[in-house]
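**Student:** This structure is in structure tokens; I'll ask about it shortly.
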Amino acid sequence: MFESPVMPPAPTTPNPPRVLLLQMPWATGQRPSIALGILSELCREQSIPVEVFYPNLDMAALVGFETAGRMSNERLIYGFSEHIFAVDVFGKERLGSDAYLAAVAASMDGSGQAPAWKARFRDLAYLQMLRDEAAPQFLAAIEQRVLDHAPDIVGFTATFNQVMSSLALAARLKRQRPSLQVLAGGACFDAEMGMEYHRALPGVLDHVFLGEAEESFRSYLQRVKAGMPTHDIPGVTSYRDGAVSVVPGRALQDLNQSPMPDYDAFFQEKDRLERETGMVFNIEFLPFESARGCWWGEKNQCTFCGINGELMGFRAKDLDAVLRDIVTLSMRHSVVKFTA
């Protein structure tokens, strides 16, 4: 359990630094992360060594596709999927974990009309196994793998229920290597949420990237390479003098400045686990981007729309670049289904 919010001394990062990016559970194992695909390419643009791990695939191999898929997709158990990793950060007592697991089990429909998967999640012993055995075993294995690769910078992306698994691993890594730079970004670390996570765990997170990160991550890498301070990069939080601060960032104006995502690491991780376990990971589709924002919302924002501020502005990639990305990725990975 992570206990101390005390910040370590400012690290001296080697030049060039070694970067490791991770996608944690419970991201689906059926497609790669476009965010990590883009960010890893930004590292390569600046000749910075980078690796990308997909521990969400390792977790699926550990608990099985059925459980991993339910954790990824069933909103009814999103809270539980986060809770089993939150215990590693905050402890069972603080979270009232035993009572919570009992409530989760009791909430599952036990009638004959209920989906079959709910019967498994009605089993309190099974929920306890996921919390007390599977999650710690997984975290220990990934922690050791990361440490064996000796990165200088570790970055996590989180969308939906990936926050606590990311924070749990980050806290473990910080205990072992306080000088390690830990970064976080993605939808669940955006805006006030990202700032509050940093405020709550300043000894775990060094920076949180708010919003679109192409420009801010480029700036961060350039500054690290140059040995310059990283506390005032627009769109990136910093913790100084007991408070979290951020210089406002901006959305990427020219989408052609966002590189084609590199998904090689995802397929390498998939192939590794298939060799080790005999399991077959089915790829649903590959993500790509042709535009961001909303052309209609610029004129008249829909009442239910959750897009705010600069992110509403419609920006499109050149058609030739979009077609090039799709054709290149399809031929490289033998996948013909794409989603934007």
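The values are calculated or read from the model by the stated rules, or taken from the named source; none is laboratory data. Everything numeric in this text was worked out from a predicted model, so none of it was measured. Reconstructed Cβ throughout: ideal geometry from the backbone, glycine too, with neighbour counts over all protein chains shown.
**Student:** Which of (1) closer than 28 Å to Arg199 by Cα; (2) among the acidic types (Asp, Glu); (3) modelled with pLDDT under 95 does Glu82 not meet, given it meets every other one?
**Tutor:** (3) is the only condition that Glu82 fails.
**Student:** So how many residues does segment 67-109 have that are assigned to a helix (DSSP H, G or I), among the charged types (D, E, K, R) and under 19 Å from the mean Cα position of the chain (by Cα)?
**Tutor:** Number satisfying all stated conditions: 4.
**Student:** Just name the residue that is modelled with the lowest pLDDT out of those in segment 285-297 that are out of contact with any helix residue (DSSP H, G or I) (no Cβ under 6 Å at 6 or more places or on another chain) and either surrounded by fewer than 16 Cβ atoms within 10 Å (Cβ to Cβ) or part of a helix (DSSP H, G or I) (or both).
**Tutor:** The extreme case among them is Trp295.
**Student:** Determine which member of the set Ala150, Ala135, Ala171, Ala158 is among the aliphatic types (A, V, I, L, M) and surrounded by fewer than 16 Cβ atoms within 10 Å (Cβ to Cβ).
**Tutor:** Just one listed residue meets the conditions, Ala150.
**Student:** Given the criteria surrounded by fewer than 22 Cβ atoms within 10 Å (Cβ to Cβ), assigned by TED's automatic domain parsing to the domain that holds Met59, in contact with a strand residue (DSSP E or B) (Cβ under 6 Å, 6 or more places away or on another chain) and farther than 30 Å from Gly313 by Cα, does Pro202 qualify?
**Tutor:** Against the criterion (surrounded by fewer than 22 Cβ atoms within 10 Å (Cβ to Cβ), assigned by TED's automatic domain parsing to the domain that holds Met59, in contact with a strand residue (DSSP E or B) (Cβ under 6 Å, 6 or more places away or on another chain) and farther than 30 Å from Gly313 by Cα), Pro202 qualifies.
Yes/no per residue for (1) among the hydroxyl-bearing types (Ser, Thr, Tyr); (2) in contact (Cβ under 8 Å) with a residue 40 or more places away in the chain:
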position	(1), (2)
Met108	no, no
Met129	no, no
Ala135	no, yes
Ile142	no, yes
Pro151	no, yes
Val154	no, yes
Thr159	yes, yes
Lys174	no, yes
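**Student:** I would also like to ask the following. With Ala140, Ala61, Ala134 as the choices, which residue is farther than 16 Å from Trp26 by Cβ and of a type in the set (Gly, Ala, Ser)?
**Tutor:** So the residue among Ala140, Ala61, Ala134 that is farther than 16 Å from Trp26 by Cβ and of a type in the set (Gly, Ala, Ser) is Ala140.
**Student:** Which one of the conditions (1) closer than 30 Å to Ala200 by Cα; (2) touching a residue at least 40 places away in the same chain (Cβ under 8 Å); (3) not assigned by TED's automatic domain parsing to the domain that holds Val204 does Ile307 fail to meet, given that it meets all the rest?
**Tutor:** For Ile307, the failing item is (2).
**Student:** Return the residues of segment 175-197 that are buried (at least 23 other Cβ atoms within 10 Å of the Cβ) and of a type outside the set (Gly, Ala, Ser); say none if nothing qualifies.
**Tutor:** If the condition is that a residue be buried (at least 23 other Cβ atoms within 10 Å of the Cβ) and of a type outside the set (Gly, Ala, Ser), then Val182, Leu183, Phe189 are the ones that fit.
**Student:** While we're here: Going by what's in this entry, would Ile326 be described as surrounded by 12 or more Cβ atoms within 10 Å (Cβ to Cβ), in a helix (DSSP H, G or I) and either at positive phi or out of contact with any Pro (no Cβ under 8 Å at 6 or more places or on another chain) (or both)?
**Tutor:** When the stated conditions are applied, Ile326 passes them.
**Student:** Based on this model, can you work out whether Ile48 counts as surrounded by fewer than 22 Cβ atoms within 10 Å (Cβ to Cβ), at pLDDT 95 or above, among the hydrophobic types (A, V, I, L, M, F, W, C) and part of a loop (DSSP other than H, G, I, E, B)?
**Tutor:** yes
**Student:** Name, by its number, the condition in (1) surrounded by fewer than 13 Cβ atoms within 10 Å (Cβ to Cβ); (2) at pLDDT 95 or above that does not hold for Ala116.
**Tutor:** That leaves (2) as the condition not met.
**Student:** A further question follows. Only one of (1) at pLDDT below 95; (2) under 19 Å from Pro55 (Cα atoms) fails for Gly249. Which number is that?
**Tutor:** Condition (2) is where Gly249 drops out.
**Student:** Could you figure out which of (1) farther than 18 Å from Gln257 by Cβ; (2) touching a strand residue (DSSP E or B) at 6+ places or on another chain (Cβ under 9 Å) isn't true of Asn300?
**Tutor:** That leaves (2) as the condition not met.
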